[in-house]
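Below you'll find the structure, written out as structure tokens, and then a few comments.
Rule-based calculations on the coordinates, nothing more; no lab input. As the structure is a prediction and not an experimental result, all values here were calculated from the model. Glycine also receives a Cβ, built like all others from the backbone with ideal geometry; neighbour counts cover every protein chain displayed.
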Amino acid sequence: MLSISLGPFSIPTSTALSILFIIIFLSTASILGKAQHDHKRVTDSVFNAVIIGFITARLVFVISFWEIYQQSWLSIIDIRDGGFKNSVGWITGIAVLVVSNQGQRSLMKHYIKASLLALVVVLPLYVANVVSTQNKNYSDIVITGINDKQVELGEFKGRPLVINIWASWCPPCRREMPVLEAAQNESRHIQFVFLNQQEAPSRVQQFLSKNTLHLDNVFFDFTGEASARLGAFGLPTTLFFDANGKLIATHIGELSSASLAYYLEHTDLK
């Protein structure tokens with residue numbers, strides 16, 4: 001499963017698991033800390049670690065793609081693009097927690113116990129999700145072209161493939177279209193497939209014409225079956241496949257020029 005739906009909202013499964021880890025860690029550490037009247041210190045330390053780690057992960061990502069972000073200063077604080085260096089954030093958060101509790105042996109023991117419990121709960125869920133996602137066979141999924149011709153995803157094997165699942169009524173889908181169009185024109189060795197969700201071809205063509213979007217490989221998922229098999233339950237969702245048809249990365253939500261560049265570079269598609 002690529003995402004988890006919460007009413008009208010959808011969040012990446014990896015993000016949901018990270019939040020679950022933090023909740024379990026904080027709850028356990030707080031309960032253990034209450035016995036020694038360290039509850040406030042525990043919550044303050046964890047809160048500071050999470051905030052500083054979050055900000056650092058964003059800043060490092062922005063610096064990595066500074067040429068893109070400097071074109072629009074507001075895009076720096078627009079975290080909807082999912083632009084974070086997650087490993088940097090986790091390392092920074094752990095470092096802040098350790099440094100802020102130097103000399104507090106009892107608290108460090110609480111943190112270690114809380115970490116172990118959170119890992120016991122979250123790690124199996126993470127591994128199961130990765131295995132189930134990576135081991136799926138997507139090649140026989142059927143999608144329909146504008147000319148009503150049906151094709152299987154397996155026909156795109158041989159070159160890297162990016163599938164964007166979208167709809168014209170979806171605001172973030174509309175906003176990211178120019179970014180994807182530019183990438184399609186610049187990276188001709190990569191195949192881009194724009195898989196529309198349950199809309200009439202005439203409506204989609206009208207939307208593309210009105211917004212002067214020139215997209216190759218516009219396909220339709222009239223029943224939603226293809227997106228369900230791909231594990232996409234929120235819009236927009238973008239999937240990155242290597243030349244062998246293996247799913248190597250996913251992005252839930254709006255893509256910016258920087259976040260798309262990150263995926264193309266770090267998945268060896270570019």
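Some observations on this one:
- Our summary gives the stretch 9-134 a relative contact order of 38 percent, counting only alpha carbon pairs under 8 angstrom and 6 or more residues apart.
- The eigenvalues of the Cα gyration tensor, multiplied by 5 and square-rooted, give the stretch 93-184 an equivalent ellipsoid with semi-axes of 46, 20, 12 Å from largest to smallest.
- The Cα atoms of the stretch 9-134 give a gyration tensor whose axes a ≥ b ≥ c have a/c of 1.5 or more with a/b no greater than b/c, which makes the shape oblate.
- Computed from the alpha carbon atoms alone, the convex hull of the chain holds 137 Å³ per residue.
- Each residue of the stretch 87-92 was assigned a 3J(HN,Hα) from its phi angle through the Karplus curve 6.51 cos²θ - 1.76 cosθ + 1.60 (θ = phi - 60°); the sequence is 4, 5, x, 5, 4, 5 Hz, with glycine and proline shown as x.
- Across the stretch 166-270, the volume of the C-alpha convex hull divided among the residues equals 95 Å³ per residue.
- Dividing the summed helix terms, -39500 (n - 2.57) for each DSSP H run of n ≥ 4, by the number of residues in the chain produces a 222 nm estimate of -17000 deg cm²/dmol to the nearest 500.
- Around the amide H of Ala249, modelled in the peptide plane, lie the amide H atoms of Phe240, all under 5 Å away and 5 or more residues distant in sequence or on another chain.
- Among the lysines of the stretch 9-134, pairs at least eight places apart or on separate chains and with Cα atoms under 20 Å apart come to 4.
- Taking 22 Å as the straight-line reach from the Cα of Lys157, the lysines in range (excluding those fewer than 8 positions away in the same chain) are Lys136, Lys149, Lys246, Lys270.
- Hz values of 3J(HN,Hα) by residue in the stretch 42-47 - Karplus curve (6.51, -1.76, 1.60), Gly and Pro given as x: 4, 5, 5, 5, 5, 4
- Length gained when the stretch Gln198-His214 is fully extended (0.36 nm per residue, less Cα-Cα span): 3.7 nm
- Loop-located trypsin sites (Lys or Arg not before Pro) across the stretch 170-208 with a Cβ neighbour count of 11 or fewer within 10 Å are Arg188, with loop assigned by DSSP.
- Antiparallel bridges, percent of DSSP beta bridges restricted to the chain (to nearest 5): 65 percent
- Furthest towards positive pole of dipole, His39, Asn86, Ala57, structure part the stretch 31-88, Cβ charges: His39
- Long-range amide H partners of Phe84 with built H, under 5 Å: none
- The chain: most fluctuating residue of His251, His214, His37 per GNM, C-alpha cutoff 10 Å: His37
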